[in-house]
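Below: one structure, written as structure tokens.
Read-outs throughout are calculated quantities, based only on the coordinates presented, and are distinct from any laboratory measurement. Computed from a predicted model, the values in this text were never measured in an experiment. Cβ coordinates were reconstructed from backbone atoms using ideal geometry, including for glycine residues, and neighbour counts include every protein chain displayed.
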Amino acid sequence: MITVIFAAVLLVVFLGGLAHLLQRGLGDMSAALKQVGMFLLTKAPAGIIGLFKDDDGNGAKTWIQFGCFWFVLSAIGGFLGAWHDYDAKALDSLSSIGWSWDNGDAMALFNLTTLSAAVFSILLGGSLVAHSRANGGRLASEASASLIAFGWFGVTLLSLVLPVFFDLSDFHYSLIGMVYAAMVSSMLVNSLLTNAQSETPVGVSSWFLIMGLAAMIFGLAINALGEITNQTTVVWMADAIVNGWVPLALMFSVGYHVVPWVTDRPIWSGSLTKASMLLLFVTVTPFFLSQSSTEPLLQSLGAILVTMGIFPILAFSANIICTMRGNAGSAMNSPGAVAAVAAALLLPIFAVLAFFTGLNVMIGDASLTTVASTANMGYLYTVGGLFCLAVMFELYPLASGNRLVGNSAGLATWLVIFGGLFSTVVSLMADWTFIEISSLVDDATLESVSGFNLTASVGFYCITMGILLGVSTVSRTAFSRIPSDKGVVVNSDVSTFTLVEGSTSIRNLLGRGVGLDTELIISDSEGEDESGSTIIEVSATLHDDEVDEFPEKEEDQYPEELVELTKWLCARGTTAKQFFEWADVDASGSLDMFELGNALKVGQGIELPPWDMEKLVKEMDINNDGNIDLPELDILLMMIRSKHNIEFVEFVPEEEESSEEETSEEEPAEDDTADDDSTEEDITPSKSDLNKMKKSEITELAKSLGLDSKGSKKELIERITQ
């Protein structure tokens, strides 16, 4: 008991110290440790690491590709295991080449090993994509990450082949675990150096990746120590960390990147994010529980921690689903996002199922061992498989730089969803039926539930086909050489964009990969041809893009309806803010197509058909969110006024007009400069409104006013307000 308590305290200190160092750094030691770490990653082992490319994204791509190999083996092995539960003599014809079917334990171990390797490799590769995108676009050493992926593949293959020729004891498996720990340590150093080089705050996905790798190193180390010293409670704790924390941490890392990236929405709740992060690493997950200590105190403490282990899962699922609701249309159009959201929906269901069956195994009579095994494998195949598909369909194209090829990605996702649920439910029915029959009949055999097993194997065939289709899509994407094209993006990796002489539109720039925070640089093109070259500075997901010529726009580049609207508002003395508040009937803070159409109809008598209204909204929608915000409307009206020289007429009540006339008769020499200033105040956003706008929007506003658009956001605001 003292040993496991000491190990738990040591774990808390280890993870807490790592989190503190991530936030605070190492002070004067940081530079020296960075240099040593980079030397170890780029130079060791000498001669071997030079065989691997150090291109951007190559490390994550290698991990995902090796994971796809194990994914195929686990899918085929899973179907064979499900079918042999129905007919154990199905492949007896292969006995001539050494095939023999025992009670199924060997196949179950093979499936668990290959599936665990597939889930870990693919999810780690996806987490590396998320981590590198948040920290400068590449890992500290892509070649080292590729080398470790190759080594992990080799060690896993040896762990499957060696038992065929040798009898491996727990001690030998502990040594293999220590080799794994050494490789994971290299990946942890690589991740830490990646974050240190960019000097940016640690993102959510990066937190889960780093803490998950650190927990895995600790778990593998104490597992070897527990096996050597015969401390079964410590071994149980190590299994709970490696089989429980690590897969969930990588799933959370992938989910918290894929869904916000596809929907272009920030994570819905920071509180739920922190809850899912903190509670995951201080509780016990309900998956893959084994028999624990016989001491009542440790059993009670373990049951409490397992119960609390459901809360981070619920927090993560709720957070992902609410984030998806912000732009559900984009999520449903992406097979990777569909897979991630479906996995988030199914995860609590499998967690509750594993909780009740796992407690029976951990502190009960272990009568539900087969049911718990079915629930755990269903969780790994269904939820783990869906998160793997999310990586393969959404993050692998970013790592490889190639566009996702083929139309089977969506079908693969739905096959895994349906097959995973159907086969798990039917298998659970078979297990429960067999348990009930066994209590009534002494000589009960598996043939009594053969109908359930046959149906479950048919359902599992859908999982196998879905995985094969997914891996086929990845293979075609790897060899396609079609550049990745994410279309119009708002949160872009393009830091600067150089414009040559000519004309373009904001929508055209967004289509080239420019985001709202991208700094636009106007080049000096005197003495050069107008069709010069434009270079986009990019990070991980984009590449140099040469723009030979921008399309010419017509003289009147704004729709006639918007020009008439601007004239109407200026003639009435109505500011953009006043019009926006009047048109926003639901007080949502944005105008949709119907609200804008109603405002045009009531205000100007202009009634446009829906397809024309959709084009009009797209013309006004700078950030491409489907709605019109006040800064977008304000900028557009200001640019139209500047383009067409439309004067803003301040509305003055009659009483004030008469008083102004009397004042003007008494003071005929008064200059009308004040009127011009007041007019400018009415049409220029206030400093508080400007502070709410993004720098790119303020830059555009400064250009429309004929002001210098260079400088910081604060300088631009001061320039505009003055």
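Classify segment 92-206: rounded, prolate or oblate, from the alpha-carbon gyration tensor (a ≥ b ≥ c, eigenvalue square roots; a/c under 1.5 rounded; otherwise prolate if a/b is larger than b/c)? Verdict is prolate for segment 92-206.
Listed from fewest to most Cβ neighbours within 10 Å, the set Asp592, Asp85 follows the order Asp592, Asp85. Report, as a whole number in µm² per second, the diffusion coefficient that Stokes-Einstein gives for segment 321-384 at 20 °C and 1.002 mPa s using the Kirkwood radius over alpha carbon pairs. Here the translational diffusion coefficient equals 163 µm²/s. Counting Lys and Arg as +1 and Asp and Glu as -1 over every other residue whose Cβ lies under 11 Å from the Cβ of Ala149, the net charge comes to 0. Among Pro201, Leu188, Val254, which residue has its Cα furthest toward the positive end of the charge dipole of segment 2-478, with +1 on Lys/Arg Cβ and -1 on Asp/Glu Cβ? The residue sitting most towards the positive pole is Pro201. Close amide-amide hydrogen proximity is noted between Asn402 and Ser484, each under 5 Å apart and 5 or more residues distant or on a separate chain (H modeled in the peptide plane; Pro and chain starts excluded). When you restrict to C-alpha pairs under 8 Å that are six or more residues apart and normalise by the size of segment 2-478, the relative contact order lands at 18 percent.
How many angstrom lie between the C-alpha centres of segment 280-339 and segment 188-210? For segment 280-339 versus segment 188-210, the Cα centre distance is 23 Å.
As a proxy for reagent exposure, Val164, Val585 were ordered by neighbouring Cβ count within 10 angstrom, fewest first; the result is Val164, Val585. Taking other C-beta atoms within 10 angstrom as a stand-in for reagent exposure, Phe79, Phe153 fall in the order Phe153, Phe79, fewest first. The peptide list 426-432, 176-182, put in order of mean Cβ contacts within 10 Å with the highest first, becomes 426-432, 176-182.
Values of log10 I(q)/I(0) for segment 2-478 across q = 0.06, 0.10, 0.12 Å⁻¹ run -0.25, -0.74, -1.09, by the Debye formula with one identical scatterer at each alpha carbon and no solvent.
Projected label points at Leu162 and Asp55, each 7 Å from Cα along the beta carbon direction, are separated by 3.4 nanometres.
Per residue, the convex hull spanned by the Cα atoms of segment 226-269 measures out at 64 cubic angstrom. Between the alpha-carbon centres of segment 561-580 and segment 140-162 there is a gap of 64 Å.
Shown in residue order for segment 579-592 are the 3J(HN,Hα) couplings computed by the Karplus curve 6.51 cos²θ - 1.76 cosθ + 1.60 at θ = phi - 60°: 5, 5, 5, 6, 6, 7, 5, 8, 6, 8, x, 7, 9, 9 Hz (x for Gly and Pro).
As a calculated quantity, the FRET efficiency between Met183 and Leu305 at R0 = 35 Å, using C-beta atoms, amounts to about 0.75.
For the pair Ser198 and Phe418, label points projected 7 Å from Cα toward Cβ lie 3.9 nm apart. The packing ranking of peptides 710-718, 282-290, highest mean first, is 282-290, 710-718, where packing means the average number of other beta carbon atoms within 10 angstrom of each residue.
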